[in-house]
Every structure is written in C-alpha cells, then in structure tokens.
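Participant: Sharing a structure, written as structure tokens. Questions coming.
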Amino acid sequence: MNALELKIERRETCRICFFADIFGNVLPALFSDRRGMIFSDGNVLRLYGDALKKSVPNVYVHTMSEGEAHKTPETLLELLRSMAERELGRGDLLVALGGGVVGDLGGLAASLYMRGIDFVQIPTTLLAQVDASVGGKAAVDLCGVKNLIGTIRQPKTVYLDPSFLSTLPRAEIKSGLGEIVKHAALDGALFDEVLSNRGSLFDLAFLARIVPQNVRFKAEIVGRDPFDLGLRRGLNLGHTTAHAIELSCGLSHGESVLCGIVYEAELAKRHFACDGKYLADLESLCTQILGFSPKEIDLSAALRLARFDKKNPASGSVVCIVPQRRGTYASLELPFEQYQAELAAIESAL
Ligand code: GLY
C-alpha cells in the first residue's frame, strides 16, 4: 500500500492586552473598519448595556440567558443562526463580552462558522480573566458532561480590563480565586504571592495585580503545549474531583476547584513524598476562601460521577493531578474503586 504523509502545522498567535479600556477605546477601534457582532449575556447587558450602546451604537449584540445551564448545543445553534441571519462573512469578527460561558460559546461558534472567523475575548469575570479566556479552549456541555463538544483554537486577542471586577458579587470573586489558587499550586512564585496576601484576596488592588501574573503563567504553559498533549494537563490540578463535585453538589466552579484541591492534596500525601507544611498552607488557603470545610459537602454523589470524567483513561481508572511541594505536582492514576475508597476515608478524617 502506498501512503502519503501530509504534515500540517497550525501556527496561531494570540495577543493578550492588560489594562484595556473596553468601552472608550477597544470596541470602537475593533469595529472602526470591520463588520461583525458582539455576543454577551443578560447579566452583562444589565450592567454595561448603556456603556456598550454608547461605545459601538451600530454593532449588533446577540444575547444569551446567563448561566452554565445554558452552555448547550441549542444556545450555540441560536448564536450561529444569528451570525448567519446577519450575513457575517469570512473576514468578519465575533467578540465575546462576558464570563466563561459566553467566552466558551463564542469561541466555539467562531471556530465553526465558515470553518473559522476571527474571535476576540473580553472576559468580564475574574474566573474568565485568569483562566477561561486564555488558551483557546471552547466547548458546550452535553448529556450532563461538562465541555463534551469543543475545540481548541486561539482568539485573535484577549482584552483584560480590571474595572469589570468592581461589579462582581463576592461569590464570583471567590469562584475566580479557585483558579488563582490552582495556578498558585503549580507555580512557587504565585503561591508565595497569594499566601502573603491572604488577608486581602478579595481586594480589587490585589486582584488587578494578580490577574496579569496568572495570565502570564497560563500563557507560558499554553504556548508550550497549545493542544493539551502533556504539560498543559497540569492545569487540571484538583479538577478531577472538582468536576464531580460541581456536577453533584451545586457549588460554583471555583468553589469546587478549591474543594478538589484539598481532597487531592490529601490523596497526594498518601502516595508521594510531599512537603506537609506546604500542603497544610495550601489547604488552609482553600478553606479560608471557601468559608467552609470541604468535609461539609456530600462527597458520595460526587464520587459516583468522577468515573465519567473525560480526562480518565479508558482502563476504568481515574487520573488526578495532585499538588506535592511548592511549584511541584504529580499525576496519580488509581483504579476507580480505590480512588472512591480513599476519598471516603479522607472525608471522614478531615
Ligand atoms: N483550564 C484548563 C486549560 O485551559 O487547559
């Protein structure tokens, strides 16, 4: 049999701009010589609808209902239909203005429409600024599985404006802090910075400073492993247990990540040589931000779901990325039954 090897290299560049003035500057410039539309949600429009209208009065805004429950193929199709009805073309632009759900749906729509049009992310939540908007992952949920249908394709530009953080409720800041602590569990310098500011984690001045540091850290990892083939998987630290908790316990993503980090730090102690003082500091940071002990959640329902995490290998085992020492983490693969039994034992000992 004859075969031809076709080598495809996909080189993408994403610009990340810090301290951007979205309504005064960025949006008018983006649409000054370009057609396109903005995608957002009801919550963002309630807060920023007037500013948006003043900034780009002639740009159409397609709005979805807010919340993870709407991160579905149906919402995606509504957006794609709206893009088609407005006759967006190959050279036109889609801008997502909102949190992680808006960014995920917008990114996926932009990557599918006409096999890909330019996409710009303007994240308005802390979680979207430090994590979801960076790295090009875009997806919707299906059949109760988070992010089951998705792509990895970089936005052209991500614009970060710290002033959006001033209108966020405390629960949203808490959720974003979950991903900030996850990055801190992967990077020693970030860990020191977060730990030494543990009295001011919710202050806007601290957040304005820590967001660019988190983004630089994540961008470095994505730049080295854009398609999640190795290094980038470290960014799933705490997430195997977190995803199951999020689906079963009604906590926000960030709260679930904080709980997941605590449980997986305890798993790490059982399987690896760890720095006990470091893990105690990390766990106490998580508990402080949560405002309650991860022991209080109903873990049994979560444990049943962990089996279906899409990161798991086909073998029926579970893979967790666990913190070990300052700036050091490890990958732990356990048979599902063992994972379940160990977490139940950890829960009763916490
Ligand atoms: N949030 C994990 C990643 O972007 O890879």
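The values are calculated or read from the model by the stated rules, or taken from the named source; none is laboratory data. Predicted model only: the values in this text are computed from it and were never measured. Virtual Cβ from ideal backbone geometry, glycine too; neighbours counted across all protein chains shown. Areas reflect the complete protein model, heavy atoms only, side chains present, ligands, DNA and RNA absent. Shrake-Rupley method; radii C 1.70, N 1.55, O 1.52, S 1.80 Å.
Participant: Pop out the carbon and sulfur fraction of the accessible area of the chain as a percent, whole number, probe 1.4 Å. Don't skip to the end; give the middle numbers.
Facilitator: Values: 8250 of 15670 Å².
Using a 1.4 Å probe with all protein chains present, the chain comes out at 53 percent carbon and sulfur.
Participant: If R0 is 22 Å, what FRET efficiency do you get for R90 and S32 from their C-beta distance, rounded to 0.05? Please report the intermediate quantities before stating the final value.
Facilitator: Values: r = 19 Å, r/R0 = 0.88.
Once rounded, the FRET efficiency stands at 0.70.
Participant: Semi-axes of the equivalent ellipsoid for the stretch 55-175, please: Cα gyration tensor eigenvalues, times 5, square-rooted, ordered largest first, whole Å. Walk me through the intermediate numbers first.
Facilitator: Numbers: eigenvalues 93, 62, 36 Å².
Ellipsoid semi-axes (Å, largest first): 22, 18, 14.
Participant: Give the residue from Y329, P169, G260 lying farthest towards the positive end of the charge dipole for the chain; charges sit on Cβ (+1 for Lys and Arg, -1 for Asp and Glu) and the dipole is referred to the Cα centre.
Facilitator: Y329
Participant: For a quick check of understanding: with a 1.4 angstrom probe and all protein chains in place, what accessible area in square angstrom does H62 have, to the nearest ten?
Facilitator: That residue has around 30 Å² of solvent-accessible surface.
Participant: If R₀ is 41 angstrom, what is the calculated FRET efficiency for the pair E342 and S163, using the beta carbon separation as r and rounding to 0.05?
Facilitator: Working: r = 44 Å, r/R0 = 1.08.
Efficiency computed from Cβ-Cβ geometry: 0.40.
Participant: Expressed in nm to one decimal, what extension gain is obtained for the pair C143 and R15 from 0.36 nm per residue of sequence separation less their Cα-Cα distance?
Facilitator: Working: separation 128, 0.36 × 128 = 46.08 nm, distance 3.42 nm.
Working it through step by step, the gained length comes to 42.7 nm.
Participant: Which of the lysines could a cross-linker bridge to K269, judged by Cα under 24 Å and excluding same-chain residues fewer than eight apart?
Facilitator: Of all the lysines, those that pass the test against K269 - Cα under 24 Å, at least 8 places apart if same chain - are K182, K277, K295, K311.
Participant: For I8 and V61 in the same chain, what is the full-extension length gain: residue separation times 0.36 nm, less their Cα-Cα distance, in nm? If you can, show how the numbers build up before the last one.
Facilitator: Numbers: separation 53, 0.36 × 53 = 19.08 nm, distance 3.56 nm.
Full extension of this stretch gives 15.5 nm more.
Participant: Sticking with this structure for a sec: Computed over the Cα atoms, what is the radius of gyration of the stretch 148-268 divided by 2.2 N^0.38 Å, N being its residue count?
Facilitator: Working: Rg = 14.8 Å, N = 121, 2.2 N^0.38 = 13.6 Å.
That ratio works out to 1.08.
Participant: Follow-up. Given charges of +1 on the Cβ of Lys and Arg and -1 on the Cβ of Asp and Glu, with all other atoms neutral, how large is the dipole of the stretch 15-115 about its Cα centre, in debye to the nearest 20? All intermediate terms of the calculation are to be shown ahead of the outcome.
Facilitator: Working: 11 positive and 12 negative charges, 63 e Å.
Value, rounded to 20: 300 debye.
Participant: Here is a further query. Not counting ligands, DNA or RNA, and with a 1.4 Å probe, what is F202's accessible surface area in Å² rounded to the nearest 10?
Facilitator: Per-residue accessible area (F202): approximately 50 Å².
Participant: The chain: longest stretch without exposed GluC sites (Glu not before Pro) (DSSP loop, at most 16 other Cβ within 10 Å), sites themselves excluded? Don't jump to the answer; show the numbers that get you there.
Facilitator: Working: sites that count: E5, E9, E12, E87.
That would be 88-350.
Participant: Which semi-axis lengths, in whole Å and largest first, follow from the square roots of five times the eigenvalues of the Cα gyration tensor of the chain? Before the final figure, lay out each step's value.
Facilitator: On the way: eigenvalues 235, 113, 71 Å².
Its equivalent ellipsoid spans semi-axes of 34, 24, 19 Å.
Participant: Then there is this: What's the whole-number percent of alpha carbon pairs in the stretch 1-112 lying beyond 20 angstrom? Provide the component values of the computation, followed by the final result.
Facilitator: Numbers: 2947 of 6216 pairs.
The share of Cα pairs beyond 20 Å in the stretch 1-112 comes to 47 percent.
Participant: Excluding ligands, DNA and RNA, what is the solvent-accessible area per residue of the chain at a probe of 1.4 Å, expressed in Å²? Mind showing how you got there, number by number?
Facilitator: Working: 15670 Å² over 350 residues.
I get 45 Å² per residue for the chain.
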